[in-house]
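What follows is one structure encoded as structure tokens, with my remarks underneath.
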Amino acid sequence: MKKFPKDFLWGGATAANQIEGAWNEGGKGLSVSDVAKMHDKTDVLDYKAHNEITSADIEEALKTDDTVYYPKRHGSDFYHHYQEDIALMAEMGFKCFRMSIAWSRIYPHGDDLEPNEEGLAFYDKVFDECRKYGIEPLVTMSHYEPPLNLVLKYDGWYSREAITFFERYVRTISKRYKDKVKYWLTFNEVDSMIRHPFTTGGLVRDHFKEEQFEEVIFQAMHHQFVASALATKIVHETIPHSKVGCMLTKLTYYPYTCKPEDVLEAQQMMRSTYCYSDTQVFGEYPAYLLARFKNHHLNIKMEKSDLEVMKQYPVDFISFSYYSSNCAVADIQNVEMTAGNTITAAKNPYLKASDWGWQIDPVGLRISLVDLYDRYRKPLFIVENGLGAKDVLEKDGCVHDPYRIEYLKLHFKEMYKAIEEDGVELMGYTSWGCIDLVSESTKQMSKRYGYIYVDVDDYGKGTYQRYRKDSFYWYKKVIESQGACLFEEE
């Protein structure tokens, strides 16, 4: 009988800035996500433009307590519903819950000397609730939520001081939760600094000279690499048998045609993603990234011990998000483009797409798993995957989402093939937005991923009541059967 391994960690994933709400409760400080506005457009083809936050945007946000057009301030109100939500996860049979700790809930300004006890106590309660049901937390230390004060006072991760502040934060949470959290991730989608530098690194473009901004981005990236290595060191020293992973946006590129220029473009695009995980896994900058620094005249300032620290404390495993594949083309003229996870790319004529234009490619997940495992030979963990769709809550409280079940079923089968036929060491799978939350790409609630429907619309209106979707019961059966139910029709 076909089954997934017994110790496979089935579960779901969220991020504090997209689900918690309570943006001004419990002593929490402002983060970069609290000043991010909702996009009224459904199909976001220009992701960078929508996520480019200016100094004026921040000033505007600081003048208001609005939660309508700043939807991450309300999220799904997990802060007040965590017991109910974790009980629902347990009902599905979750073995693992990926979540993040909001840095600004622990250190409200980022540079505080002492942590906020009320924030620490909140996560104690969350982890205790997980333990009550035997759910293993997988905790992201920084998931798109640097404290806003670090942006305004230090220019975010461009400042070397950010390493010190992050190190203090990591020491605090690893010590506090050493008996409650075994699995950790340092920075969510660490490669995304190049695509949305404000969200990831707290970098405001108009704070710098435009011609120097590429250098600014990679300087901030270097600081995160050093901070990630130090975080790995701290966690290993504080928590015996702990595992620390990196987290990558798995942007899988195919050549649009067999034209050599398109093949080269796909290779270069893949390298533009792999350079980040290469650095964290191998503990050193790859030659092709050093070549970019040289050829683009990027002067990345490093202290003498930086490279030694990075080399000494690489990550234990590689986690990644995968939603869709992309096509790379050397000449985009007369080529139809489509949206993807924080990018736009040439449309693949062989694939269907979601309501938001993200192309659905289950085989691409297997390809991604094989590529990553062949490259790194370390355990892998799929920590984001799923289908954003416009779900409808019926009058009887039901939500019928056969499209989501079909999407997941096809992806799960490819995961199984990667494990059984390709020899990939896959630790687990946590589907994105297991409970409906505010989408990162559009800042909308209507782009829903969850097995659990949250009754709130794009403008924060609703009861916030939770409803089980059809996919809830289906995923429960998948976990119960260790995936065997996926193959019943074969």
Tally of residues being farther than 22 Å from Val35 by Cα and either in contact with a Gly (Cβ under 7 Å, 6 or more places away or on another chain) or not aromatic (Phe, Trp, Tyr) (or both) across the stretch 192-219
7
Subset tally (residues that are part of a helix (DSSP H, G or I) and surrounded by fewer than 18 Cβ atoms within 10 Å (Cβ to Cβ)) for the stretch 173-193:
1
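Going through the stretch 142-162 one residue at a time, which ones are of a type outside the set (Ser, Thr, Tyr) and surrounded by fewer than 23 Cβ atoms within 10 Å (Cβ to Cβ)?
Scanning the stretch 142-162 gives Asn149, Leu152, Lys153, Asp155, Arg160, Glu161.
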For the stretch 3-35, the count of residues that are in a loop (DSSP other than H, G, I, E, B), in contact with a helix residue (DSSP H, G or I) (Cβ under 6 Å, 6 or more places away or on another chain) and either modelled with pLDDT under 95 or of a type in the set (A, V, I, L, M, F, W, C) (or both) equals 3
Given (1) crowded, with 23+ Cβ neighbours inside 10 Å; (2) without any contact (Cβ under 8 Å) to a residue 24 or more places away in the chain, where does Arg448 come up short, assuming only one miss?
(2)
Here the residues within the stretch 452-490 that are part of a helix (DSSP H, G or I) and of a type in the set (Asp, Glu) are Asp470, Glu480
Go through the residues of the stretch 95-106 one by one and say whether even a single one is more than 22 Å from the chain's Cα centre (by Cα) and not acidic (Asp, Glu).
no
Can you pull out every residue in the stretch 285-297 that is loosely packed, with under 15 Cβ neighbours inside 10 Å and either in a loop (DSSP other than H, G, I, E, B) or among the aliphatic types (A, V, I, L, M) (or both)?
Ala287, Leu290, Ala291, His296, His297
Determine, yes or no, whether Pro108 is farther than 30 Å from Trp10 by Cβ, touching a residue at least 40 places away in the same chain (Cβ under 8 Å) and buried (at least 22 other Cβ atoms within 10 Å of the Cβ).
yes
Among Thr238, Thr257, which is out of contact with any Ser or Thr (no Cβ under 7 Å at 6 or more places or on another chain), of a type in the set (Val, Ile, Thr) and surrounded by fewer than 20 Cβ atoms within 10 Å (Cβ to Cβ)?
Thr257
Which numbered condition trips up Lys243, out of (1) more than 30 Å from Lys175 (Cβ to Cβ); (2) touching a strand residue (DSSP E or B) at 6+ places or on another chain (Cβ under 8 Å); (3) touching a residue at least 60 places away in the same chain (Cβ under 8 Å)?
(1)
Find the residue count for the stretch 120-139, including only residues that are part of a helix (DSSP H, G or I) and either without any contact (Cβ under 8 Å) to a residue 60 or more places away in the chain or of a type in the set (Gly, Ala, Ser) (or both).
12
Is it the case that the stretch 58-66 has a residue that's crowded, with 24+ Cβ neighbours inside 10 Å and touching a residue at least 40 places away in the same chain (Cβ under 8 Å)?
no
Hey, Asp436 within 29 Å of Tyr144 (Cα to Cα), buried (at least 23 other Cβ atoms within 10 Å of the Cβ) and out of contact with any Leu (no Cβ under 9 Å at 6 or more places or on another chain) or not
yes
Of a type in the set (Lys, Arg), farther than 20 Å from Ser446 by Cβ and buried (at least 21 other Cβ atoms within 10 Å of the Cβ): does that describe Arg366?
yes
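The values are calculated or read from the model by the stated rules, or taken from the named source; none is laboratory data. These numbers were taken from a predicted model, which means no experiment stands behind them. We place every Cβ from the backbone using ideal geometry, glycine too, and count neighbours over all the protein chains shown.
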